[in-house]
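What follows is a single structure, written as structure tokens, with notes after it.
Just so it is clear, none of the values below were taken in a lab; they were calculated from the coordinates. Note that the structure is predicted; figures quoted are calculated from it, not measured. Note that each Cβ is placed from the backbone with ideal geometry, even for glycine, and that neighbours are counted across all protein chains shown.
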Amino acid sequence: MSEIGGTRASPLGRPVPVPDRYDASLLFPIDRAPGREAFGLAGALPFGGHDAWTAWELGWLDADGRPQAAVARIAIPAASPRIVESKSVKLYLGSLADERHASRESLVATIARDVGAAVGAEVKVALSGPPDWPGLARAAAPGASIDAAPLAALPDRPEASVLATSAWDGDETLHSSLFRSLCPVTAQPDHATVVIRYRGPRIDRASLLAYLLGYRRHAAFHEGCVERIFVDLAAACRTRSLAVEARFTRRGGIDISPYRSDEPAWRPQAAPDLRQ
């Protein structure tokens, strides 16, 4: 565990009182390295990207003590040495409810400073207030769905050896809304739409669906799932360019969408998924 996290226990999976005052120490960091080493990822990262957090229930007080509300977007770089546990973020943001800030810029700076200290990297924070909310429209996942592809059996673990390709070489985007993994602490299910864009040999859609469904009983954090998918696809399918994003549904008022890519020109779709 990182020095910031110390030896204290994670709040995940146990009752924790609602904080009644601002407390940055509520943020609970988790080192990325052990999870990455579990699927052979060590040293220089083969991708760039970020973890996009959307906090739908942020509140605080303005300089006059009037309650305010906003949706917060927090982007954590994939190169940060740590992630931050999601329940601790919920508790931390809740601790801001009775904290006065002279401006929205002051609040943004506070969140960026505190989360950045927890993950060990510079993070980006943006707020959308009530006048901006009509612009938070949902969008369907890009590319073609593979959810109707033939499925001979439901795998019980993710296994890259099931992935198959053909000689076609091109650029396509595929997605599945059937992805599920398990929280490694509580064993509760986490659901997501996974979007994959690649250049290279054509990935057989039935084999890709079987591979993704193998995560149904796999215990890992959101970020680790996306990185393992990236590493497995890049190696097994010999992609020339690859991007993987998982748009997880919200829990506790927060959704997380990790994005990993080795193609700097590609960008994830800005609008939230239809289920987020």
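Helix 104-119 and the longest principal axis of the Cα set of the chain meet at an angle near 60°.
Placing +1 on the Cβ of every Lys and Arg and -1 on the Cβ of every Asp and Glu, with no other charges, gives the chain a dipole of roughly 380 debye about its Cα centre. I need the shape label for region 163-212. Rule: rounded when a/c is under 1.5, else prolate if a/b > b/c, else oblate, with a, b, c from the alpha carbon gyration tensor. Prolate shape, in that a/c is at least 1.5 and a/b is the bigger ratio.
Taking amide H atoms as placed 1.01 Å from N in the peptide plane, the amide H of Ser241 lies under 5 Å from those of Arg199, each 5 or more residues away in sequence or on another chain. Considering only alpha-carbon pairs that sit under 8 angstrom and 6 or more positions apart, the relative contact order computed for the chain is 20 percent.
The simple spin-label model puts a point 7 Å past each Cα toward its Cβ; for Ala79 and Ala206 those points are separated by 4.2 nm.
Just round it to a whole percent: the fraction of Cα-Cα distances in region 1-159 exceeding 22 Å. Percent of Cα pairs beyond 22 Å in region 1-159: 54.
The modelled label-to-label distance between Arg66 and Leu151, using points 7 Å beyond Cα along the C-beta direction, is 5.1 nm. Projecting the Cα positions of Ala63, Ala97, Leu274 onto the charge dipole of the chain (unit charges on Cβ atoms of Lys, Arg, Asp and Glu, taken about the Cα centre) puts Leu274 furthest along the positive direction. Region 148-204 and region 237-276 have Cα centres separated by 13 Å.
Relative contact order of region 120-276: 26 percent, from C-alpha pairs under 8 Å at least 6 residues apart in sequence. Close amide H pairs (under 5 Å, H built 1.01 Å from N) link Val84 with Ile30, residues at least 5 positions away or on another chain. For region 64-79, 3J(HN,Hα) computed residue by residue from phi via the Karplus equation (6.51, -1.76, 1.60; θ = phi - 60°) reads 8, x, 7, x, 10, 9, 7, 9, 9, 10, 10, 10, 10, x, 4, 7 Hz, glycine and proline entered as x.
Taking the longest Cα principal axis of the chain as reference, the axis of helix 222-237 is set at about 20 degrees. In the chain, the sites counted are trypsin sites (Lys or Arg not before Pro) in DSSP loop states with at most 15 other Cβ atoms within 10 Å, and the longest stretch holding none of them, exclusive of the sites, is 22-137.
Estimated from helical segments only, the mean residue ellipticity of the chain at 222 nm is -6000 deg cm²/dmol, where each DSSP H run of four or more residues counts as -39500 (n - 2.57).
Hey, with R₀ at 35 Å, roughly what FRET efficiency would Ala139 and Ala235 work out to, going by the Cβ-Cβ distance, to 0.05? Provide the component values of the computation, followed by the final result.
Details: r = 31 Å, r/R0 = 0.88.
FRET efficiency, Ala139 to Ala235: 0.70.
A cut-off of 5 Å between modelled amide H atoms, ignoring neighbours fewer than 5 places along the same chain, links Ala78 with Gly49, His50, Asp51.
With the convex hull drawn around the C-alpha atoms of the chain, the volume per residue stands at 126 Å³.
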